[in-house]
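Q: Okay, here's the structure, questions in a sec.
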Amino acid sequence: MTPLFNLSCRIDPLPLVLYPTVSVAILRLDLVHPVVSGNKWFKLNYYLGEATAAGKTILTFGGAYSNHIVATAAAAKMAGLKSIGVIRGERAPELSQTLTEAKAFGMELYFISRKAYQEKTLPDEIANQQNEFYIIPDGGYGLLGMEGAKDILLQNQTSAYTHIVSAVGTGTTLAGLAGAAGDDQHVIGISVLKNNFSLQNEVEELVLTCKRKNVRILHDYHFGGYAKYTAELIHFMNDFFRQTSVPTDFVYTGKAFFGVIDLIQQQFFAPGSKILLVHTGGLQGNRSLAKGTLIFG
Ligand SMILES: *Cc1c(COP(=O)(O)O)cnc(C)c1O
């Protein structure tokens, strides 16, 4: 199994003057690619490797605002592969920015009903070409996605950290982090979905294929649910940028970083802890906020 791209990233120390008992650094996956940032590249890497070897067209699934869809479109283009996006729901009169961008990367888009989407039925127009497609699951969830996410830790200098923290959606990234972490490293995921308690099992199922690890998912920082936000979250993101010059997004990393700072304030981490925050990217998601909401962007 070979990944298609070599992805190594910067680690920036974070000055937290108020909390000198712990140290925090940020692994900047958001800087991995100028257009599509973050963990999606890692998750796609091995799928792309297989698709390239097989010379097939990439086909994947997602919603109209899916980071995974744009990332797949961009990565497929860089790999010289054709790509197809099967999108959940009716085609809106105007394409979302995400889909417009995916299309600009050459992705062919098909829209299917929510029911058909649940069953992952291919649209009639392309159903008979099934053999030409290399199918990547929704969100990159799956073993190869986890394999790619392992490289987030393996391709960077991360063994000295006691805690590794990341935002969690499908849990694929977290499973990769847990799979690659050392036995004495704690892996903590902050779920951005409301009450998504089945996550723990899904992540463990993926991780079981390697080794049972110290992984824990926290459910207190979803701010109302997926892509929901509050004034408090926006205020935090602006404040965090002012203090660190690190931009975050309101769907994933803003919530994860808010959670970490809150946990530090509650003395969740023992003195001497060295925390590595994984900046999973996703900054393009902020474009759906009204202009002026964030002081960066
Ligand atoms: C997709 C995404 C995640 C979640 O990754 P999973 O592997 O689905 O848990 C986290 N952060 C950002 C910025 C994302 O785009």
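Q: Could you grab me the full set of residues in the stretch 113-142 that are surrounded by 12 or more Cβ atoms within 10 Å (Cβ to Cβ) and assigned to a helix (DSSP H, G or I)?
A: Passing the criteria: A116, Y117, I126, E132, D138, G139, G140.
Q: Exactly one condition in (1) over 23 Å from A102 (Cβ atoms); (2) at pLDDT 95 or above is false for Q265; which is it?
A: (2)
Q: Can I ask one more? Considering (1) modelled with pLDDT of 90 or more; (2) of a type outside the set (A, V, I, L, M, F, W, C); (3) buried (at least 20 other Cβ atoms within 10 Å of the Cβ); (4) within 16 Å of the ligand (Cβ to nearest atom), say which one N67 fails and leave the rest.
A: It fails just one condition, (1).
Q: Specify which of the listed residues (V187, V168, V207, V203) is buried (at least 19 other Cβ atoms within 10 Å of the Cβ) and closer than 30 Å to G292 by Cα.
A: V168
Q: Now for a separate question. Pairs only if they're at least six apart or on different chains, beta carbon under 7 angstrom, first in the stretch 6-19 and in a loop (DSSP other than H, G, I, E, B), second surrounded by fewer than 17 Cβ atoms within 10 Å (Cβ to Cβ); list them, first residue then second.
A: L7/Q155; S8/Q155; C9/L31; R10/L31
The values are calculated or read from the model by the stated rules, or taken from the named source; none is laboratory data. What you see is a predicted model; the values in this text were computed from it and never measured. Glycine gets a Cβ as well: all are built from the backbone with ideal geometry, and neighbour counts include every protein chain shown.
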